[in-house]
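**Student:** Next up is a structure, given as structure tokens.
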Amino acid sequence: MKLYRLEFVLKEPSEDTEGMYLAEVPVLPGCRAWGETAALALENLQSVTTAFIESHRAHGDPLPPEVAAAAVDVGEQRGVGEVMVAV
């Protein structure tokens, strides 16, 4: 199993996002999701991103180089994670 650590952008509700939060992964064209809350948008984005990568693999399509470079073999490791903070 591979773990992909991909940066995302979260946009606040606005007219452009039809009053919803919008989360997207810039290195995956068209990979975006909306939600009534930031948490829901991110949860939806995780599902969409998983489906995007699984679809590429199933069809034998190469992933963008930035995505392939972000993959980490998980194997039996436990506690793999990442946290980002802005201060």
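**Student:** Which pairs turn up if I take residues in region 40-60 that are more than 16 Å from V27 (Cβ to Cβ) and in contact (Cβ under 8 Å) with a residue 12 or more places away in the chain and look for partners that are among the aliphatic types (A, V, I, L, M) and surrounded by fewer than 16 Cβ atoms within 10 Å (Cβ to Cβ) with beta carbon separation below 6 Å, at least 6 apart in sequence or on another chain?
**Tutor:** Every condition considered, no pair remains.
**Student:** Oh, and also: Name the residues in region 29-41 that are crowded, with 17+ Cβ neighbours inside 10 Å and outside any strand (DSSP E or B), would you?
**Tutor:** Those that are crowded, with 17+ Cβ neighbours inside 10 Å and outside any strand (DSSP E or B): C31, A41.
**Student:** For region 1-28, give me the residue count where each residue is in a loop (DSSP other than H, G, I, E, B) and touching a residue at least 12 places away in the same chain (Cβ under 8 Å).
**Tutor:** Number satisfying all stated conditions: 12.
**Student:** Please work out if P29 is modelled with pLDDT of 90 or more and at negative phi. If you could, list the steps in order and put the result at the bottom.
**Tutor:** Values: modelled with pLDDT of 90 or more: no; at negative phi: yes.
No.
**Student:** Just the residues that are over 23 Å from A70 (Cα atoms) and open to solvent by 100 Å² or more (accessible area, probe 1.4 Å), please, taken from region 1-28.
**Tutor:** E12, E15, D16, E18
The values are calculated or read from the model by the stated rules, or taken from the named source; none is laboratory data. No experiment lies behind these values; they were computed from the predicted model shown. Here Cβ is always computed from backbone atoms with ideal geometry, including for glycine, and neighbour counts include all displayed protein chains. Accessible surface areas use protein heavy atoms only, side chains included; no ligands, DNA or RNA. Shrake-Rupley method; radii C 1.70, N 1.55, O 1.52, S 1.80 Å.
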